[in-house]
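Novice: What follows is a structure written as structure tokens; I'll ask about it next.
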Amino acid sequence: MPFFASVAEVRDILSITPITEGISIGDVGSKYLGPVILDSREVVPGCLFIARRGESGDGHDYLAQVIAGKAGGCVVEEVWARTDVGRNFIADHSGGACFFVVNDSTQALGCLAAAWREKLDLPTVAITGSNGKTTTKQILSTILGIACGQGTANIKSYNNHVGLPQTILSSSPEDSWMVLEAGMNHPGELEYLGGIARPDIAVFLGASFAHIGAFSNVADVAAAKSELLMGVRDGGTAVVNGDDALMMTALASRMRERFGKQGQETLSIRSFARDAEADLRYSVLPADGGRAIKGSFSLGADEMGYYLPLAGLHNGSNFAAAFLAARELFPQVDPGIFVAAAKEVKPAEMRLGIENLGRLQIINDAYNANPASMMAAIDVACAITDPDRLVCVIGDMLELGELSRKLHEQVGDHLARCKVAHVVLVGNESKVIAGRLSAATDVYLDDDIVNAADYIVRLV
């Protein structure tokens with residue numbers, strides 16, 4: 001069962017924090033509330049609805065629908081509750097539901113998640129990095145599910161100040177583990193998320209140009225990623241990509257910040273790498289015509305081969321991170337079980353998924369891209385098919401700030417090196433890619449995705 005608590009417990013959780021007054025109006029008896037719901041269309045009897053002000057709407061506007069659905073309680077913001085509409089609504093409905101009036105409902109969501117995390121006390125992994133979070137989560141949750149039983153992992157890429165708490169609140173006492181993605185695009189976000197998640201293991205996949213728009217350079221990105229270390233529980237472990245020198249440096253600095261130069265360190269750092277010295281060394285080679293990978297892990301005296309049914313050599317790093325995190329979280333489990341379980345991994349949605357459509361083969365890597373992930377996808381496509389028969393459809397990479405033009409040009413240079421025959425560019429930012437391609441490349445540019453789709457149909 002996901003989050004459930006008595007009205008009094010919810011009141012206490014919200015009132016003990018500095019960011020909310022936690023005032024409850026209505027029934028404060030012993031009835032229980034749960035699960036936590038943010039979407040009015042998903043309300044179930046007895047649930048606790050949190051009215052958030054988001055980019056796409058204001059949850060307070062749907063409270064009538066929520067009450068009609070027999071929600072047991074509602075978290076509402078003080079700025080709304082003090083309006084005539086808010087006061088009248090609460091007065092009219094407080095007999096059937098409890099209202100918790102808070103300063104910030106999104107932070108109240110985080111408070112509830114932090115309390116639920118502490119109550120369940122599940123072995124927990126949090127994963128961050130510029131690339132590979134969702135795929136690493138997919139690998140880790142699959143092998144833990146097979147080797148260690150039922151657990152909870154975030155769906156899709158719900159990894160921000162809303163999605164991570166939602167994932168925690170969806171976990172249940174029947175679970176054996178929890179795997180969380182922790183994303184960010186500004187400094188300070190991961191320290192906040194780490195304080196909610198309080199992971200036993202934090203995985204640092206590396207830093208690159210993803211979301212670089214809010215930072216001066218990649219070193220600053222690595223520093224922001226390292227904030228997650230501040231939330232790791234005492235006795236926990238940081239699992240880090242040893243091939244990423246900037247990430248290693250950032251973590252060392254963050255360790256000094258947490259424990260001081262002469263402090264007693266209560267965390268351990270374990271590294272994985274293909275090229276550098278590390279606790280876990282891995283090799284990686286293509287398999288099944290580029291549709292999978294294979295290789296070996298070397299950890300202490302143990303060496304074992306692996307097979308992973310995901311395309312792309314970069315997934316060797318993701319698997320190494322997931323394997324090492326699983327070993328640290330459940331050291332009593334035979335590592336061979338984790339390796340064997342990896343054969344059941346499926347690609348995450350829109351992450352290098354290979355689909356057959358008649359005589360066509362489609363590689364779907366359409367999720368929010370950055371230069372590293374886009375070039376990796378191009379490599380996979382070229383490994384699977386002849387570049388002369390390849391059509392690369394590329395949209396804009398966002399949140400790259402002043403480096404956007406330069407980074408799009410780098411993708412163009414990569415396409416040119418790979419000698420891709422057909423390139424379809426959609427969007428304003430991606431247009432600069434055309435200038436980096438050879439005259440032999442067939443290039444189509446359009447801001448309209450319907451026109452681009454029509455062109456692709458005619459082409460194939």
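Novice: Filtering the range 419-447 down to residues that are among the aliphatic types (A, V, I, L, M) and part of a loop (DSSP other than H, G, I, E, B), which residue is surrounded by the most Cβ atoms within 10 Å (Cβ to Cβ)?
Specialist: VAL420
Novice: Yes or no: VAL411 surrounded by 14 or more Cβ atoms within 10 Å (Cβ to Cβ) and within 27 Å of LEU280 (Cβ to Cβ)?
Specialist: So VAL411 does not fit the description; no.
Novice: Considering the range 31-72 alone, what residues qualify as being within 22 Å of SER172 (Cβ to Cβ), in contact with a Phe, Trp or Tyr (Cβ under 8 Å, 6 or more places away or on another chain), at pLDDT 95 or above and not in a loop (DSSP other than H, G, I, E, B)?
Specialist: Within the range 31-72, LEU33, VAL36, ILE37, LEU48 meet the criteria.
Novice: Right, here's the next one. Considering only residues that are among the small types (Gly, Ala, Ser) and under 25 Å from the mean Cα position of the chain (by Cα), look in the range 386-429 and name the one that is nearest to ARG359 (Cα to Cα).
Specialist: GLY395
Novice: Given the criteria in a helix (DSSP H, G or I) and under 27 Å from PRO309 (Cβ atoms), does ALA416 qualify?
Specialist: no
Novice: Being closer than 22 Å to PHE3 by Cβ and either in a helix (DSSP H, G or I) or not hydrophobic (A, V, I, L, M, F, W, C) (or both) is the filter here; which residues of the range 73-82 pass it?
Specialist: Result: GLY73, GLU77.
Novice: In this structure, is VAL239 under 23 Å from PHE319 (Cβ atoms), of a type in the set (A, V, I, L, M) and in contact (Cβ under 8 Å) with a residue 12 or more places away in the chain?
Specialist: yes
Novice: Inspect all residues belonging to the range 252-266 and state whether any of them is more than 30 Å from VAL339 (Cα to Cα), of a type in the set (Asp, Glu), assigned to a loop (DSSP other than H, G, I, E, B) and touching a Lys or Arg at 6+ places or on another chain (Cβ under 9 Å).
Specialist: yes
Novice: Here is a list: ALA238, ALA276. Which entry is under 25 Å from the mean Cα position of the chain (by Cα) and either outside any helix (DSSP H, G or I) or surrounded by fewer than 19 Cβ atoms within 10 Å (Cβ to Cβ) (or both)?
Specialist: Within the list ALA238, ALA276, the selection yields ALA238.
Novice: With the condition kept exactly as written, say whether any residue in the range 66-80 is among the aromatic types (Phe, Trp, Tyr) and farther than 15 Å from ILE50 by Cα.
Specialist: No, the conditions are met nowhere in the range 66-80.
Novice: Might you check whether a residue that is under 26 Å from HIS314 (Cα atoms) and not aliphatic (A, V, I, L, M) occurs anywhere in the range 438-445?
Specialist: Looking for residues that are under 26 Å from HIS314 (Cα atoms) and not aliphatic (A, V, I, L, M), one finds none in the range 438-445, hence no.
Novice: Let me ask you something else. Can you tell me which residue among LEU251, LEU267, LEU329, LEU360 is closer than 22 Å to ASN154 by Cβ and touching a residue at least 12 places away in the same chain (Cβ under 8 Å)?
Specialist: LEU329
Novice: Turning to a different aspect of this structure: For residues that are out of contact with any Asp or Glu (no Cβ under 9 Å at 6 or more places or on another chain) and small (Gly, Ala, Ser), scanning just the range 378-402, find the one that is farthest from ILE449 (Cα to Cα).
Specialist: Looking at residues that are out of contact with any Asp or Glu (no Cβ under 9 Å at 6 or more places or on another chain) and small (Gly, Ala, Ser), I get ALA383.
The values are calculated or read from the model by the stated rules, or taken from the named source; none is laboratory data. The model shown is predicted, which means the values in this text are computed figures rather than measured ones. In this analysis, Cβ positions are derived from the backbone assuming ideal geometry, glycine residues included, and neighbour counts consider all displayed protein chains.
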